[in-house]
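Note sheet for the following structure.
The values are calculated or read from the model by the stated rules, or taken from the named source; none is laboratory data. Predicted model, so just to flag it, every value in this text is computed and none were measured. Neighbour counts are summed over all protein chains in view; Cβ atoms, including those assigned to glycine, are modelled from backbone coordinates with ideal geometry. Side chains are part of the model used for accessible areas, which takes the heavy atoms of the whole protein and leaves out ligands, DNA and RNA. Shrake-Rupley method; radii C 1.70, N 1.55, O 1.52, S 1.80 Å.
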Amino acid sequence: MKAKVHVTLKRGVLDPQGKAIEHALHTLGFGGVENVRAGKVIELELTSTDADAARKEVEAMCTKLLANTVIEDYAIELTA
């Protein structure tokens, strides 16, 4: 089973990387871009074949290491 974890800063938390990307895009002529938010994607290969158990395990990984839940949100995608 594979898991993808999408980690982004919570709304209201300043995102300097997103602002830098937005500014660079405007400089390159892409003026229709607003409110860029940057994040990260973490891909995991899991030995578990039970989707519920895999999701619980990835949830624990997120809260303990992969995301700073004080300032970041995360979303988990599981595929067989």
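For T8, indicate whether it is loosely packed, with under 12 Cβ neighbours inside 10 Å and in contact (Cβ under 8 Å) with a residue 24 or more places away in the chain. Judged against the criteria, T8 is not a match. Any residue at all in region 1-14 that is modelled with pLDDT of 95 or more and part of a helix (DSSP H, G or I)? Scanning region 1-14 turns up no residue that is modelled with pLDDT of 95 or more and part of a helix (DSSP H, G or I). The requirement of being under 17 Å from V13 (Cβ atoms), open to solvent by 40 Å² or more (accessible area, probe 1.4 Å) and without any contact (Cβ under 8 Å) to a residue 24 or more places away in the chain is fulfilled nowhere in region 42-63; no residue meets it.
Counting only residues that are over 17 Å from the mean Cα position of the chain (by Cα), charged (D, E, K, R) and not in a helix (DSSP H, G or I), how many does region 46-80 have? Qualifying residue count for the region: 1. I'd like the full set of residues that are of a type in the set (V, I, T), surrounded by fewer than 16 Cβ atoms within 10 Å (Cβ to Cβ) and under 27 Å from V13 (Cα atoms), limited to region 64-80. Those that are of a type in the set (V, I, T), surrounded by fewer than 16 Cβ atoms within 10 Å (Cβ to Cβ) and under 27 Å from V13 (Cα atoms): T69, V70, I71. Applying the criterion of being in contact (Cβ under 8 Å) with a residue 12 or more places away in the chain and β-branched (V, I, T) to the residues of region 17-41, the residue that is farthest from I71 (Cα to Cα) is I21.
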